[in-house]
Amino acid sequence: MGNKKPAENEKRIAVLGSTGSIGTQVLTVAAWRGYRVVGLAAGSNLALLREQAARFRPALVSCTTTGASPLLDLPPGTKLACGSEGSNAVAELEVDTVVAAIPGFAGLEPTLAALRAGRHVALANKEAMVVTGPLMWAEARASGARLTPVDSEHSALFQCLNGEAKDTIASLILTASGGPFREGPEDLSQVTPQQALKHPNWSMGPKVTIDSATLFNKGLEVLEAHFLFELPLHAIEVLIHPQSLIHGLVRFQDGSIKAQIALPDMRLPIQYAIEYPSRPPIPLTPLSLRGTLELLAPDLERFPSLALAFRAGEEGGLAPTVLNAADEIAVQAFLDGRIRFTDIPRVLTSTLNAAPRGELSWEGIMAANLTARRLAHEFCQG
């Protein structure tokens, strides 16, 4: 089932983070649509990367494991590159779309490489926009690169905003399922990583699933929407929607509201991000509109991480970088059993209070990221 000979209208894609949750679903869409997969960038899951390379026969693959060539047994014609240089090389390939799906701060550099190369980037790495939004847009505009969102909520907003004048927008509304602890238990201090990883509606990687349980993921999405659509923070709302069918809404100045409603399946926004503005058929069962759709206010006392994201966004500058770095450390500490679930927002608050600030720049972002991680480690130990 390797790639067939490219047709004249066949899309060529490269996938950053191909062995992750989003990356594997991108490759499902690639198989549906007959895309030519030119490059794959992965982490250390060599077994899955080997399967992907055998199936799609890309020109280039990369991984974070040095000396991986004997373990991968790549097909003829496929080259291997390792480390950050390898993922950057995949990002710079001459393709129609680069899907940026390496999670966390690690996805920043290859996403930047794709934008500087002038590629169309289907952005699934929300942290890249959260941490460096204005700088990312400057790079994209300088090179002529294009950005389309993959996150279901931002894809929904992107679709609702299509064809609408910016000065008619009153607010953007992001929806959140509420995660596994929306209705209980009352005491969250004793919940386990296993409980927190059981998301009621979505199948995602561990980091984003824990962030969904704390509602910090929605905070990241608020910041992403703020930078992606270049609208003020006060024009962004969050509502809890347990059914996860309404993915985003736009409220207009005349009182009208547009909503995007679809199955909670990431393959839909993935395909839309790659195919935009086209809407080809997708082999999924159509959504039934029967049933109840609830929209509720979030509980910021129970889930303070969402409020911290708004705080960082209002402060601006390097504050989102600091908060993002602290969360990556805190979530891993919780998954490792070193801190409690309720300690996550405490670590975020302490790091945000303690980390020094500076002007938003590439150098400042790198320094703030390292400092915030060190402080968060210290707070986790304490």
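Read-outs: derived from the displayed coordinates by stated rules, not from any lab. Quantities reported herein were computed from a predicted structural model and do not represent experimental measurements. Note that we place each Cβ from the backbone using ideal geometry, even for glycine, and neighbour counts take in every protein chain shown.
From the square roots a ≥ b ≥ c of the eigenvalues of the alpha-carbon gyration tensor of segment 316-382, which class results: rounded (a/c under 1.5), prolate (a/b over b/c), or oblate? Since a/c reaches 1.5 and a/b is larger than b/c, the shape of segment 316-382 is classed as prolate. In terms of packing, defined here as the mean over residues of other Cβ atoms within 10 angstrom, the peptides 273-281, 232-240 line up highest first as 232-240, 273-281. For segment 102-169, the mean projected area of the C-alpha convex hull, equal to one quarter of the hull surface, is 4.8 nm².
Per-residue ellipticity at 222 nm, computed for the chain from helices alone with -39500 (n - 2.57) per DSSP H run of at least four residues, works out to -13500 deg cm²/dmol.
Placing +1 on the Cβ of every Lys and Arg and -1 on the Cβ of every Asp and Glu, with no other charges, gives segment 174-277 a dipole of roughly 180 debye about its Cα centre. Working ranking of peptides 15-28, 198-211, 353-366 by packing, defined as the average number of other Cβ atoms within 10 Å per residue, highest first, is 15-28, 198-211, 353-366.
Please work out the C-alpha center-to-center distance from segment 123-145 to segment 266-335 and express it in whole Å. Cα centroid to Cα centroid, the span is 17 Å. The stretch between Glu359 and Glu315 holds 14.7 nm of extra length on full extension. This uses 0.36 nm per residue minus the Cα-Cα distance. This model, with +1 at the C-beta of Lys and Arg and -1 at the C-beta of Asp and Glu, gives segment 294-337 a dipole about its Cα centre of some 80 debye. When DSSP beta bridges are limited to those with both residues in the chain, what percentage is antiparallel, rounded to the nearest 5? In the chain, DSSP labels about 30 percent of beta bridges as antiparallel.
Within the shell defined by Cβ-Cβ distances under 14 Å, the residues around Gly317 carry a net charge of -2, with Lys and Arg each +1 and Asp and Glu each -1.
Evaluating 6.51 cos²θ - 1.76 cosθ + 1.60 at θ = phi - 60° for every residue in segment 52-58, the Karplus couplings come out as 5, 5, 5, 6, 9, 6, x Hz, glycine and proline recorded as x.
For segment 18-144, the alpha carbon convex hull comes to 90 Å³ per residue, rounded to a whole number. Ranked by the mean number of other Cβ atoms within 10 Å of their residues, highest first, the peptides 290-298, 252-260 fall in the order 252-260, 290-298.
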